[in-house]
1. May I ask you to order 67-73, 108-114, 51-57 by the average number of other C-beta atoms within 10 Å around their residues, highest value first?
2. If packing is taken as the average number of other Cβ atoms within 10 Å across a peptide's residues, how do 118-131, 77-90 rank, most packed first?
3. Mind listing the long-range amide H neighbours of Y122? Cut-off is under 5 Å, sequence gap 5 or more, other chains count too, H placed in the peptide plane at 1.01 Å from N.
Amino acid sequence: MKRAVLMAAACAILMAPPAYADYDNDLWYLSRVIQAEAGYCSQEMMEGVGSVVLNRVSDDRFPDTIPEVIEQPGQYSTASYLASQEPTQQVINVAVDLLENGSKLPADVIYQANFLQGAYTYKTLSTSYSTMYFCVG
């Protein structure tokens, strides 16, 4: 029941841009960056993108909030057009799960891109049109 209520609230929240920093704001940003970065990829890739954001929030080298991590200059090129992203129900489900249960990746996986970076690659995920590397910082 709680999850159904959260999902209904999530749909209503995602219709308008955030007004202040809280769970609603985090859901707005996290679901949109997942949609922009991996919205039509596998669930595992979506979870990876969201997990990197959460891992960065917990890492001292990055800002302390989800919006600040996503909008940090030079990090997420998709940040400039998040307002135009309409998350699918699957993306919303992934974002809610991550906010409720935390990252699906080890805490030191703080990079995600279509090129190699960081100390070493933890996981590589591919689709027919792209490859995404999840790397340790």
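Bear in mind that the values in this text are calculations on the coordinates, not laboratory data. If you're wondering where the values come from, they're calculated on a predicted model, not measured in any experiment. Note: ideal-geometry Cβ built from the backbone for every residue, glycine included; neighbour counts use all protein chains shown.
1. Put in order of decreasing packing, that is 51-57, 108-114, 67-73.
2. Working: 118-131: 12.1, 77-90: 14.1.
Taking the mean over residues of other Cβ atoms within 10 Å, the ranking is 77-90, 118-131.
3. Under 5 Å from the amide H of Y122 lie the amide H atoms of F134, C135, V136, each far enough along the sequence or on another chain.
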